[in-house]
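Colleague: Below you'll find the structure I mean.
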Amino acid sequence: MCGISGATGAEKAGQIAFDGLKKLEYRGYDSFGVAMRTGSGIHTYKKEGKISDSKFKPMQTTEAIGHSRWATHGEVNQVNSHPHSQGSVTLVHNGTVTNYVALKRALEKEGYEFISETDSEIVAALLDEYIQEGKTPKQAIIAASSQIQGDNSFVFMIDGQEGIWAFNLGRPIRVGIADGVSYIGSDVQAFLEHTNIVNYLDKGDACYLHQEDRKYFSCYDGKEIKKEDISIDIEPSSVEKGNYAHFMQKEIFEQTSSINVSLDQDSVKMSMASDLIKYADRVFIIGSGTSHKVAMVAEYWLAKNGRIYARACASTELSSWMQFIGNESLVIAISQSGETADVISAVRGAQERGASVLALTNIARSELDEISDVTIPLQVGIEKAVASTKATTAQMAIMYQLAKMVDNELGEGLINLVDLSSGLSEQLNPNYIKHVEDMADVILKQLGYTENGNGDQIQKNSMIIIGRDILYPIALESAIKIQEVSYIHAQGFAAGELKHGPLALIEKGIPCIVLGDDDRTINEAVKARARGACILGISAQKHEVFDHWLSVPNRHDVYAIATLIPMQLLSYFLAIKQGRDPDFPRNLAKAVTVE
Ligand code: F6R
């Protein structure tokens, strides 16, 4: 979501909003739209598909709002794209209105007709209804805020009245400040190239922006709110691809320095975090998707290094364990974006029971950061690829460091991590990268891939990844990486579990990636090979059971991180070799802000 209100004469608002959307495209790219205010009214352009592929030519105008969509309510098509107009109101929306059916029924009785399947169009009608009743836009926001349920944010324009209105009911809104111009975005990246001075709208805050006139007020009682101008320190060029073909590739290679940077933490905060872990009666580590796999890795480290019994839990599953959470408990919430709705909702549930919350997130002032007792920032810079890589390894490095601190072994922990980090540039040398690429070729050949340019040429869509101990969650995480960017059905298993069912999946030539070379893992690999699997070893030592092998430097107990990095690269190659764009995997969004 983004928008701009510029001084008369600027006249490039449509282009600026469109450029802002390109910067936000990685967060949702099913369709997009821009509404532009002109002398003859508000003109809206909407299009299915990627913004960067569009030939849209913005009109000359000084006010515009835009949106890139990740579909929730209603299929991906032009009608369901934002902005949505009802009466005088043209609106863009992030979030989910949970009571949209009831609101829709009531508005239909008032004569409103809806053309889209979205909950967003209903809020446009709700605001319009209040305005038609004679309420001011501010009064309409206050009235609508008391009606709308769920976590949402809205930005809208009113036909015939200059200015942009916005209100935050639980999803981020940032205002960018410049001379004669106001910008708005769900993320600062929407306007970062124009200004780095930002006002943050908290939950329950609303604003009116007209050129440099900026008014903030409460959505609940309309009282005026003062906002602090905050200068943010992100170099716009750091969020560009530079010489890399894809953000995913760039971010994989950035790990040669990002792990080190993530270790440079405020020691007071790290001590507070390790004390929270040490003195909690119960520790739950939560996250979604990849961040959940980091939680699983951390569970092993806390057990082995910190001698702490912790439970890793997908954030959507924590509700089943709530009765064990009380005011002596700790929830460690891991989230790159700090916005994942499932994580936020689990954290809020635990807080209601009195738990303390330690957050690991990459985004300062994200909702997770704001609601947690202690936040450890990942410090890896903006991660743009949907597939998380550099944030993942930073999350792991920080959790490892905390586990070592709990065990009073901080020094040794740091040595291991610095050793891992400094060895990475060496590991990712051109020769090694070629080996990873060759392994991708072997896998695609085994799966019967033939290149004919239509993108769907795999004959057998199945591969298996096994690992033991900490390499078990690494197998699960590797499978997520492969699934999301290459669309190959990859599944991770605890090595010893293979014989308890999944072995039935093995047929001749099925690729089975074996992480690690310990005797027990090899013992399982042997069984898979005996049934015809093609065994691809990723380990420190070569073993004769491996049909193909990729070495991983032995990095003490951070070997898990060293093993994950070639798996990230392998996923990348499996995507690009099939002509898939790893930065825009189908059906996914970078920040999943809906439950
Ligand atoms: C996969 C991936 C997702 C995210 C998940 C949680 O590569 O990135 O599985 O890990 O959506 O996101 P965050 O960490 O932002 O809470």
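Colleague: Figure the gain on full extension for ASN243 and THR136 (residue separation times 0.36 nm, minus the Cα-Cα span) and round it to one decimal in nm.
Modeller: Working: separation 107, 0.36 × 107 = 38.52 nm, distance 5.03 nm.
Result: 33.5 nm gained on full extension.
Colleague: Along the range 426-442, what does the Karplus equation 6.51 cos²θ - 1.76 cosθ + 1.60 (θ = phi - 60°) give for ³J(HN,Hα), rounded to whole Hz, x for Gly and Pro?
Modeller: For the range 426-442, the Karplus-derived couplings read 5, 4, 8, 7, x, 5, 5, 4, 4, 4, 5, 4, 4, 5, 4, 4, 4 Hz, x marking Gly and Pro.
Colleague: What list of ³J(HN,Hα) couplings, whole Hz, do you get for the range 173-189 from phi and the Karplus terms 6.51, -1.76, 1.60, once you set θ to phi - 60° and write x for glycine and proline?
Modeller: 9, 10, 10, x, 10, 8, 5, x, 9, 10, 10, 9, x, 6, 8, 4, 4
Colleague: May I ask you to derive the relative contact order of the chain, considering only C-alpha pairs under 8 Å and at least 6 residues apart, and to give it as an integer percent? Present the calculation step by step, with values, prior to reporting the outcome.
Modeller: On the way: 1315 pairs, mean separation 65.2, N = 595.
Dividing the mean separation by the residue count of the chain yields 11 percent.
Colleague: With a/c under 1.5 counting as rounded, go ahead and sort the range 247-423 into rounded, prolate or oblate using the C-alpha gyration tensor (a ≥ b ≥ c being the square roots of the eigenvalues; past the cut-off, prolate if a/b is larger than b/c, else oblate). Intermediate values should be presented prior to the final figure.
Modeller: Details: a/c = 1.82, a/b = 1.25, b/c = 1.46.
Verdict is oblate for the range 247-423.
Colleague: Take the residue pairs LYS23/LYS55; LYS304/LYS481; LYS293/LYS460; LYS55/LYS577; LYS23/LYS226 and return only those whose Cα atoms are more than 18 Å apart. Could the numbers behind the result be given before it?
Modeller: Values: LYS23/LYS55 16 Å; LYS304/LYS481 26 Å; LYS293/LYS460 26 Å; LYS55/LYS577 27 Å; LYS23/LYS226 29 Å.
The pairs that break the limit, which is 18 Å between Cα atoms, are LYS304/LYS481; LYS293/LYS460; LYS55/LYS577; LYS23/LYS226.
Colleague: Using θ = phi - 60° and the Karplus curve 6.51 cos²θ - 1.76 cosθ + 1.60, what whole-Hz ³J(HN,Hα) does each residue of the range 524-538 get, with Gly and Pro shown as x?
Modeller: 7, 4, 4, 5, 5, 5, 4, 9, x, 5, 8, 9, 10, x, 10
Colleague: With N set to the number of residues, divide the alpha-carbon radius of gyration of the range 2-239 by 2.2 N^0.38 Å and report two decimals.
Modeller: 0.93
Colleague: Test of understanding: what is the full-extension gain from GLN78 to ASN327, defined as 0.36 nm times their sequence separation minus their Cα-Cα distance? Can you show the working numbers first?
Modeller: Values: separation 249, 0.36 × 249 = 89.64 nm, distance 4.86 nm.
Stretched fully, the GLN78-ASN327 segment lengthens by 84.8 nm.
Colleague: Would you mind calculating the gained length between ARG311 and ASN408 on full extension (0.36 nm times residue separation, minus the Cα-Cα distance), in nm to one decimal? Don't skip to the end; give the middle numbers.
Modeller: Details: separation 97, 0.36 × 97 = 34.92 nm, distance 2.13 nm.
Result for the pair: 32.8 nm of gain on full extension.
Colleague: Next question. Is the C-alpha gyration tensor of the range 443-561 telling us rounded, prolate or oblate? Criteria: a/c under 1.5 is rounded; beyond that, a/b larger than b/c is prolate, otherwise oblate.
Modeller: Details: a/c = 1.73, a/b = 1.44, b/c = 1.20.
Judged from the Cα gyration tensor, the range 443-561 comes out prolate (a/c at least 1.5, a/b above b/c).
Colleague: Here's another thing I want to ask about it. For a test of the definition: using alpha carbon positions, the gyration tensor, and the 1.5 limit on a/c, classify the chain as rounded, prolate or oblate. Each step should come with its number before you reach the end.
Modeller: Working: a/c = 2.01, a/b = 1.61, b/c = 1.24.
Prolate shape, in that a/c is at least 1.5 and a/b is the bigger ratio.
Colleague: So, one more: Run the quick spin-label model on LYS499 and ILE115: label points 7 Å from Cα toward the beta carbon, then report their separation in nm to one decimal.
Modeller: The modelled label-to-label distance comes out at 6.4 nm.
Colleague: Kindly rank 290-297, 177-184 from highest to lowest mean number of other beta carbons found within 10 Å of each residue.
Modeller: Details: 290-297: 25.6, 177-184: 20.4.
Result, highest mean first: 290-297, 177-184.
Colleague: Round to the nearest 10 and give me the degree value, 0 to 90, for the angle of helix 13-24's Cα axis relative to the longest principal axis of the chain.
Modeller: 20 degrees
Colleague: Order 28-34, 255-261 from most to least packed using the mean count of other Cβ atoms within 10 Å.
Modeller: Ranking the peptides 28-34, 255-261 by packing returns 28-34, 255-261.
Colleague: Would you please name the trypsin sites (Lys or Arg not before Pro) within the range 162-255 that are DSSP coil residues with at most 11 other C-beta atoms within 10 Å of their C-beta?
Modeller: On the way: sites: ARG174, LYS203, ARG214, LYS215, LYS223, LYS226, LYS227, LYS241, LYS250; in loops: LYS203, LYS223, LYS226, LYS227, LYS241.
Those satisfying the criteria are LYS223, LYS226.
No value in this document is a laboratory result; all are computed from the given coordinates. Only a predicted model underlies this, so the values are computations on that prediction, with no experimental measurement involved. Don't worry about glycine lacking a Cβ; one is built from the backbone with ideal geometry, like all the others, and counts go over all protein chains shown.
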